[in-house]
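Peer 1: One structure follows; several queries about it will come next.
The values are calculated or read from the model by the stated rules, or taken from the named source; none is laboratory data. Treat the numbers as computed from the prediction; the structure is a model and nothing was measured. No Cβ is skipped: glycine too gets one built from the backbone with ideal geometry, and neighbour counts run over all protein chains shown. Each accessible area value is taken on the protein alone, full model and side chains, heavy atoms only, with ligands, DNA and RNA left out. Shrake-Rupley method; radii C 1.70, N 1.55, O 1.52, S 1.80 Å.
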Amino acid sequence: MSPEDRRAMIAIDLGAESCRVSLLRWRDGLPQIELVHRHANGPINLHGELHWDLKQITQQVDIGLRKSAEIASEGVRSIAVDGWAVDYVRLNQQGEAIADPFCYRDERTIPAQAEVFKRISQQRLWSITGIGMGRLNTIYQLFAEVPELRDKPWVNLPEYILHRLGGRAVSEYTNATHTQLVDAGKRAWSPEIFAATGLVQAAAPPLVPPGTIVGRLTGAHLNMRALEGVELIAPACHDTASAIASIPDSGDDWVYISSGTWSLVGTLLNQPIIGDQSTALDFNNMGAVGGRICFHKGVNAMWLLRQCMTEWATEIDWTVPELIQAAEHLPPPPYLLDVDDPDLLLPGKMPSRINRQLKQRGLQKLEEGAEAAPEMVNLILHSLAVKYGEVVSNLARITGKKFKRIYIVGGGSRNTLLNRLTASATELEVRCGAVESSTVGNFAVQLAAQENAGVNAVAVAHWAQQLSSAVF
């Protein structure tokens, strides 16, 4: 980006619990990031089905855009959108949304997934896509649609927001890999999967790489004339890929942990790894910035703590920092929890679920009340750290890499106890990134996209470094 062009940039980050609109501006030649607008989000129940309130999401995004335009008197150069994967919007011939999109938690995918597996085996799906069989993946959602909708165009939610603002309908690569419709080796839609499932490939949008400029904002019908003509950029539209893009390191000797409700523990590859070891250990090959692959495994993480806190809130309204501080003073627990026990993935009564596992293993149960919360938190965090260590060890064995450090991004980067335990369990240096890492990565890709060098790993890491001191 030329030094003389210091117009502002806007990053929209769609979250399943909250959506944010942030503004990057330049002050004395240095970038500053501020949160302009945030609104709560969540699925709604419509006639027994889980959907997203698309009107609410778009209205709130528009509010954030207008606020940003009012603040940025120097003008706005570009807008980019990232968000959660797998959910999509069906479009009519005018490119407008047909209905509120389904939420990935809707149970219609249970029978749909079973039927898909009758048409194409799990083993074959894995060999093509290199990703696990999560029933929330877009393939099972599309298959569950009524037949009359199957030939209607669709676009994933972040790309839909860009399309609505005036961009062409596309599927950005990092987001597309979560559909389970992409051939990991060819990095293109898989005709074999479309044909086997009866899905219409012509309804899928064209694939584009991260950093693609998809159009310019047409603000007349949105009452956004102040933003008319602003570039619309598809960053790493999947929020995790954006979070990884916020890491200021283009080397090959580090691990990332995208730490939140789930923790994704992985490393970046130049080519996917699809083999017996990665399959058995449930590592996934997802798209990353710069033509690379996010090779990672999901670990059930802060979901455990949050679910426990919900139970304790009726007695003591603990905060996460208070619980971490209280657990800091306790000795290591005499045993560890299997954090990936399927029972612990379910909502409700988490302290009881944890004790049920301990009882089944012949271990001493813990007190479940809020008074004894630090002891249970201590068990959860020690167990998570050891699990991270196991995953990192497996990563090293499968990839042949020798790791030196771990970057932790997302909300978990503030968990000082877990970070210390992780450093001990992995014997690696731990470096903490931004809490709002998806937003930082979104801006890093925007900045790289506006340079002649293009969106490669080195350019994105350079801008991530420049943004590392930007203040929210």
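Peer 1: Can you name the helices of the chain, as whole DSSP H runs, whose Cα span along the helix axis is 20 Å or more and whose Kyte-Doolittle mean is not below -0.5?
Peer 2: 54-71, 373-399
Peer 1: With the other protein chains left in place, how much accessible area per residue, in square angstrom, belongs to the chain at a 1.4 angstrom probe? Can you show the working numbers first?
Peer 2: On the way: 19470 Å² over 472 residues.
Per-residue value: 41 Å².
Peer 1: Give me the one-decimal nm value for the distance between modelled label points at residue 316 and residue 281, 7 Å along each residue's Cα-to-Cβ direction.
Peer 2: 3.9
Peer 1: Give me the lysines in straight-line cross-link reach of residue 402: C-alpha distance below 24 Å, same-chain residues under 8 apart excluded.
Peer 2: Filter leaves 297, 387.
Peer 1: Follow-up question, since we're still on this one. Pull up all non-local amide H partners of residue 434: gap of 5 or more, or a different chain, and H-to-H distance under 5 Å with H placed in the peptide plane.
Peer 2: Those qualifying (amide H under 5 Å, at least 5 residues apart or on another chain) are 410.
Peer 1: Within region 420-442, find all residues whose amide N lies under 17 Å from a label point positioned 7 Å from the Cα of residue 405 along Cα-to-beta-carbon.
Peer 2: 420, 422-424, 426-435
Peer 1: Still on this structure, I have one more. For region 203-328, what is the Kirkwood estimate of the hydrodynamic radius, computed as the reciprocal of the mean inverse distance between distinct Cα atoms, to one decimal in Å? The partial results should precede the final answer.
Peer 2: Numbers: mean 1/r = 0.0549 Å⁻¹.
Across region 203-328, the inverse of the average 1/r is 18.2 Å.
Peer 1: Report the gain in length on full extension from residue 44 to residue 397: 0.36 nm times residue separation, minus Cα-Cα distance, nm rounded to one decimal. All intermediate terms of the calculation are to be shown ahead of the outcome.
Peer 2: On the way: separation 353, 0.36 × 353 = 127.08 nm, distance 4.33 nm.
Contour length minus the Cα-Cα distance gives 122.7 nm.
Peer 1: Next question. Using a 1.4 angstrom probe with every protein chain in place, what is the largest-first accessible-area order of 187, 292? Working shown, then result.
Peer 2: Numbers: 187 65, 292 35 Å².
Final ranking, largest accessible area leading: 187, 292.
Peer 1: Continuing with the same structure: Could you calculate the contour length gain from residue 133 to residue 74, that is, 0.36 nm times the residue separation minus the distance between their Cα atoms, to one decimal place in nm?
Peer 2: Result: 16.5 nm gained on full extension.
Peer 1: Go through 230, 146, 458 and list them by solvent-accessible area, largest first, probe radius 1.4 Å.
Peer 2: Details: 230 10, 146 70, 458 95 Å².
Largest accessible area first, the residues go 458, 146, 230.
Peer 1: Let me check the size of region 337-379 from its C-alpha atoms; what are the radius of gyration and Dmax in Å?
Peer 2: 9.9, 27
Peer 1: If eta is 1.002 mPa s and T is 20 °C, what Stokes-Einstein diffusion coefficient results for region 313-369, Kirkwood Rh from Cα pairs, in µm²/s? List each step's numbers first, then the result.
Peer 2: Working: Rh = 13.0 Å.
Taking Rh from Cα pairs, D becomes 165 µm²/s.
Peer 1: Further question: Using θ = phi - 60° and the Karplus curve 6.51 cos²θ - 1.76 cosθ + 1.60, what whole-Hz ³J(HN,Hα) does each residue of region 256-264 get, with Gly and Pro shown as x?
Peer 2: So the Karplus estimates, Gly and Pro as x, are 10, 10, 8, 9, x, 3, 10, 9, 9 Hz.
Peer 1: With a cut-off of at most 16 other beta carbons within 10 Å, and DSSP calling the residue loop, which chymotrypsin sites (Phe, Trp or Tyr not before Pro) in region 288-396 qualify? Please list them. Walk me through the numbers on the way to the answer.
Peer 2: On the way: sites: 295, 303, 312, 318, 335, 388; in loops: 318, 335.
Listed in order of number, the matching sites are 335.
Peer 1: Quick one: pull the percentage of alpha-carbon pairs in region 427-468 with a separation above 13 Å. Mind dumping the intermediate values first?
Peer 2: Numbers: 443 of 861 pairs.
Tail fraction, whole percent: 51.
Peer 1: Quick one: grab Rg to one decimal and Dmax as a whole number for region 10-157, Cα atoms only, in Å.
Peer 2: Cα radius of gyration and Dmax of region 10-157 are 18.7, 61 Å respectively.
Peer 1: Name all residues of region 405-432 having a backbone nitrogen under 11 Å from the label point set 7 Å from the Cα of residue 253 along its Cα→Cβ direction, giving them as ranges.
Peer 2: From region 405-432, the list is 405.
Peer 1: Another question, if that's okay. How much of the accessible area of the chain, probe 1.4 Å, is carbon plus sulfur, in whole percent?
Peer 2: Of all accessible area on the chain, carbon and sulfur atoms account for 50 percent.
Peer 1: Where does region 363-472 land on the Kirkwood hydrodynamic radius, alpha-carbon pairs, in angstrom? Walk me through the numbers on the way to the answer.
Peer 2: Working: mean 1/r = 0.0608 Å⁻¹.
Result for region 363-472, one decimal place: 16.4 Å.
Peer 1: Loop-only GluC sites (Glu not before Pro) in region 8-67, please: DSSP not H, G, I, E or B, and at most 13 other Cβ atoms within 10 Å. Walk me through the numbers on the way to the answer.
Peer 2: Working: sites: 17, 34, 49; in loops: 17.
Filter output for region 8-67: 17.
Peer 1: Of all the C-alpha pairs in region 264-402, what % are more than 20 Å from each other? Provide the component values of the computation, followed by the final result.
Peer 2: On the way: 5077 of 9591 pairs.
Counting pairs separated by more than 20 Å, the tail of P(r) holds 53 percent.
Peer 1: Using a 7 Å offset from the Cα along the Cα-to-Cβ direction at both residue 359 and residue 63, what is the distance between the two label points in nm, to one decimal?
Peer 2: It is 4.6 nm.
Peer 1: While we're on this one: Rounded to the nearest Å, what's the spacing between the alpha carbon centres of region 141-177 and region 346-397? Just the number, please.
Peer 2: Taking the Cα centre of region 346-397 as reference, the centre of region 141-177 is 39 Å away.
Peer 1: Stick to the Cα atoms of the chain, pair each with every other, and give me the Kirkwood hydrodynamic radius in Å at one decimal.
Peer 2: Numbers: mean 1/r = 0.0434 Å⁻¹.
Evaluated on the chain, it is 23.0 Å.
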